[in-house]
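Below is one structure, written out as structure tokens; the observations come after it.
What follows is calculated from the coordinates using simple rules that are stated; it is not laboratory data. Since the model is a prediction, treat every value here as computed from it, not as a measurement. Cβ coordinates were reconstructed from backbone atoms using ideal geometry, including for glycine residues, and neighbour counts include every protein chain displayed.
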Amino acid sequence: MLEFGTQFALVMLAAAVLVAVVRLVRGPTLPDRVVAQDLIGILVVGLIVVLAASTGVHATLDAAIVIALIAFVATIAYATYVEKGHPE
Amino acid sequence: MTEVATGILWMVGSSFAFLAALGVLRMPDVFTRMQASTKASTLGLACFLIGAGLQLADLGSIIRLLSIGAFTLVTTPVSAHLIARAAYRADIPLWDGTVLDERREALERAQANGQPEVG
């Protein structure tokens, strides 16, 4: 059950990242890309958490924390940039 | 027992995560895409964290997982609000089917009453 759940979760997360990348490339505006980038950050955190728990290497959880922090700061920076009048 | 629970939680969580990505791809404008992304992805991440907490039962991992969860639950609404506000102020067009735009109405009312533009 755990084996199947891990495989299923990893495949679904990889598919979700691919779908989000399609939106990241297609745009059409900068806020669309920022939303996609924010979602990719959260999906990668989920991917790392699943990998850490299934392999038992819990040191990688630190990487998940750092990615969550950086994704938040990047989103704030993009929001400020868009608000100053660069919608493309 | 915990293995079955973890497997089910991870399958549910990854389904939520995939639905979030599908919503971001298929929804018609920035604001609807954002609500699909934020709600489903926080729910999905919560399922992943609980499932991982059942597998990694030592104190250090539990604290790390809890801090990831608390941080995500606090920051996701903040960043979604900031992008939505920035997109609205940058005049990103709303979807044609939008039925309610209260801020536009408030701005028009303020203009009709001769008040200076707010915020």
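The set of residues in the stretch B:15-42 that are facing chain A (nearest Cβ under 7 Å) and either buried (at least 20 other Cβ atoms within 10 Å of the Cβ) or closer than 19 Å to A:Ala9 by Cα (or both) comprises B:Ser15, B:Ala17, B:Phe18, B:Ala20, B:Ala21, B:Leu22, B:Val24, B:Val30, B:Arg33, B:Met34, B:Ser37, B:Ser41.
Taken over the stretch A:1-52, the residue count meeting the criterion of being over 18 Å from B:Ala5 (Cβ atoms), surrounded by fewer than 23 Cβ atoms within 10 Å (Cβ to Cβ), over 15 Å from the mean Cα position of the chain (by Cα) and within 7 Å of another protein chain (Cβ to nearest Cβ) is 1. Candidates A:Thr60, A:Thr75: the one that is under 23 Å from B:Thr32 (Cβ atoms) and either within 7 Å of chain B (Cβ to nearest Cβ) or surrounded by fewer than 22 Cβ atoms within 10 Å (Cβ to Cβ) (or both) is A:Thr75.
Screening the stretch B:61-87 for residues that are of a type in the set (Gly, Ala, Ser) and more than 7 Å from chain A (Cβ to nearest Cβ) and picking the one that is farthest from B:Gly13 (Cα to Cα) gives B:Ala84.
Okay, residues lined up against (1) farther than 29 Å from A:Phe4 by Cβ; (2) surrounded by 14 or more Cβ atoms within 10 Å (Cβ to Cβ):
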{"site": "B:Gly13", "(1), (2)": "no, yes"}
{"site": "B:Ser61", "(1), (2)": "no, yes"}
{"site": "B:Phe71", "(1), (2)": "yes, yes"}
{"site": "B:Ile92", "(1), (2)": "yes, yes"}
{"site": "B:Trp95", "(1), (2)": "yes, no"}
{"site": "B:Gln115", "(1), (2)": "yes, no"}
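From the list B:Ala86, B:Ala106, the lone residue that is more than 19 Å from the chain's Cα centre (by Cα) and either under 24 Å from B:Arg33 (Cβ atoms) or not polar (S, T, N, Q) (or both) is B:Ala106.
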